[in-house]
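Following: one structure in structure tokens, then a few remarks.
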Amino acid sequence: MASTPSLRTRPSLLRGLPGTAWVLALLWAAPWAALADTSNGFGLLLDVGLTLDDNVTRAKEGNDRLSDSAYAVNVSKGLTLPVSAQSRLLLTGIVGGERFQTYAGLSHLDAAVEAELQYRESSEFSSPTLGLFAKFKFEDYESDVRDGHRYSLGLSISQPLTDRISWSAALASNQRLSTSKVFSTVDTSARVNLDYALSARKALYLGAEYRVGDVVSTGRASLENVTISKVFVLDNAFTGGQFFSYKIHGSTWLTTVGYNHSLGPNGSVDVAWRRVESTPELRPSWATSPRSYISNQLLATYLLRF
């Protein structure tokens, strides 16, 4: 059943963040900072990114498909703890946020903790690294219906194939708990990544991920969406009060192609294209809309260690 929450009225930290000019300044300064000597740094990783998304509503067609651009800033700190001669524990803490230019309700602040226990039987070049990981993330959105947290538990494997090519894979169970039942989701994911080093400074990568479980799509009220949805809610992240978000069961393919260029020992620039395609499990016999929704994203990121 739909509910009608309102956008939060308390002051938001996101509204105090500077605009695109501040981000462009960071992007201009990052390559110069990456070349600096940070041997006495804090062991932090800063990434500043810009994203162009042609379908932030994850809608199938027509006027329900809305595009937007966003920037993100994240700072992370990693710690490696030896457990035995063949194993180690990796701990990572991350804080950051993302700000959307048009649909402010999608903007959010995040805090996350990740832990992975890795095991490698030997130091042989072809020996694979096995991992058991857990992730927890807290999210504070401008739109209250999205507030909450999510966690993920899974297994991973990574292995070099040649001196230039390596691959990794992971199987995970993911759950999100939010203020609204629509954004409280459960899914299972499997992903594979392939990395190819063009040179010491240049690398190409390809990623594919398949998810089965809950999918959220947003659009104007329609009989088709109401028929196949588990639950829906009036979504206040979009202006006009005419958009509803629907939770449905389905499958999702995510494909990523990217290029990473090192700027020195402490930084790099990364550009990528990502395609997301989700298909509902149910479909009314009388439906005339496309069976799936598709979203394309262009991403540009600077990464800097300091």
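Values quoted throughout were computed directly from the atomic coordinates according to the rules given, and no laboratory measurement underlies them. Keep in mind that what you see is a predicted model, and the values were worked out from it rather than measured. Counting neighbours? That spans all protein chains shown, and the Cβs are built from the backbone with ideal geometry, glycine included.
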Completion exercise
Expressed to one decimal in nm², the mean projection of the alpha carbon convex hull of region 14-305 is 16.4
Practice task
Would you mind telling me which residue in Leu89, Leu130, Leu81 has the biggest mean-square fluctuation in a Gaussian network model of the chain, where springs connect alpha carbons within a distance under 10 angstrom?
Solution key: Leu81
Practice task
Could you compute the FRET efficiency for Leu177 and Phe42, with r as their C-beta to C-beta distance and R0 at 51 Å, rounded to 0.05?
Solution key: 0.95
Handout entry: For region 173-229, Kirkwood radius (reciprocal of mean inverse C-alpha pair distance, Å)
Key = 14.7
Problem - Angle between the chain longest axis and helix 20-34 axis [Cα atoms, degrees, rounded to 10] - result: 20
Handout entry: chymotrypsin sites (Phe, Trp or Tyr not before Pro) restricted to DSSP loop in region 45-126 with at most 14 other C-beta within 10 Å
Key = Phe125
Problem - region 14-305: relative contact order in percent, alpha carbon pairs under 8 Å with at least 6 residues between - result: 18
Completion exercise
For Glu121 and Thr102, extending 7 Å from Cα along the Cα-Cβ vector and measuring point to point gives, in nm, a value of 5.3
Exercise for the section: Could you check which residue among Leu52, Leu66, Leu79 shows the biggest mean-square fluctuation in a GNM of the chain with a 10 Å Cα cutoff? Expected result: Leu79
Fill in the blank from the handout: Exposed-loop cut sites defined as trypsin sites (Lys or Arg not before Pro) in DSSP loop states with at most 14 other Cβ within 10 angstrom; longest site-free run of the chain spans 1-163
Problem - Convex hull of region 256-302 built on C-alpha atoms - directionally averaged projected area, nm² - result: 4.3
